[in-house]
Amino acid sequence: MARISKKENKNIYWQAREAMGLSREAASELLETIPPERIERIENEKFSPHPDEVLLMAERYKKPMLCNYYCSQQCPIGMEYVPEIKIKDLSQIVLEMLASLNSMQRQTNRLIDIAADGVIDNDELRDFIQIQQELEHISITVETLQLWAEQMLATGKINMEHYNELTGK
């Protein structure tokens, strides 16, 4: 079992490694292609991880959220286009999704009115922006559900073999 560091403000990669109970040396063996010195530099934010290293850590540490963190917080393109997703309980995700879908159901006719002529007039813009924001919230909630499922699969709380069988993977 690895010694747990007393350092405050550990980054997400450090926390993920420690959650597995691994020293940097043991993590390096698990990751196979990342030496302990590089792990230390990534964890102390002296170097940014490469995308392939994040994919490997996400898989081996059983923390798929590392990929979303990297894309939303460290990748220049992702920082512009990928929202950060926070893991939530399934019940909270489902309730947020239902609330957003109910809201969109009420706004569907307004969206049809706005889109009918192919132009968004100044008097339609406020409603269009609100609808756009609600759709973005639905998108983030869908991504949150996907990340939750990936975490459950990674940790064995959902049977991966049966899941893959049902999804045709």
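The values are calculated or read from the model by the stated rules, or taken from the named source; none is laboratory data. Keep in mind that this is a model prediction, so the values were computed, not measured. All Cβ positions, glycine included, derive from the backbone under ideal geometry; neighbour counts span all protein chains shown. For the accessible areas, the whole protein counts, side chains as well, though only heavy atoms, and no ligand, DNA or RNA atoms are used. Shrake-Rupley method; radii C 1.70, N 1.55, O 1.52, S 1.80 Å.
Here are some notes:
- A simple packing score, the average count of other Cβ atoms within 10 Å per residue, orders the peptides 93-105, 139-151 as 139-151, 93-105, with the highest score first.
- If the convex hull is drawn through the Cα atoms of the stretch 119-169, its volume per residue in Å³: 87
- Rg/Rh for the stretch 8-109, where both radii come from Cα atoms and Rh is the Kirkwood radius: 1.12
- Rolling a 1.4 Å probe over the protein heavy atoms of the chain, with every protein chain left in place, gives an accessible area that is 53 percent carbon and sulfur.
- Short-range pairs are left out: with C-alpha atoms under 8 Å and at least six residues apart, the relative contact order of the stretch 61-169 is 35 percent.
- Spin-label model, LYS7/TYR81: points 7 Å from Cα along the beta carbon direction are separated by 3.3 nm.
- Residues GLU37 and SER91, FRET efficiency given R0 of 45 Å [Cβ-Cβ distance, rounded to 0.05]: 0.55
- Placing unit charges on the Cβ atoms only, positive for Lys and Arg and negative for Asp and Glu, gives the chain a dipole magnitude near 900 debye about its Cα centre.
- In the stretch 78-169, the convex hull through the Cα atoms has an average projected area of 8.5 nm², a quarter of its surface area.
- The residues of the chain expose on average 67 square angstrom of accessible surface per residue, using a 1.4 Å probe on protein heavy atoms.
- Each Lys or Arg adds one and each Asp or Glu subtracts one; over the other residues with Cβ under 14 Å from the Cβ of SER103, this totals -2.
- Among residues other than LEU147 with Cβ under 12 Å from its Cβ, the summed charge is 0 (Lys and Arg +1, Asp and Glu -1).
- Viscosity 0.692 mPa s, temperature 37 °C, Stokes-Einstein D of the stretch 37-93 from Kirkwood C-alpha radius, µm²/s: 268
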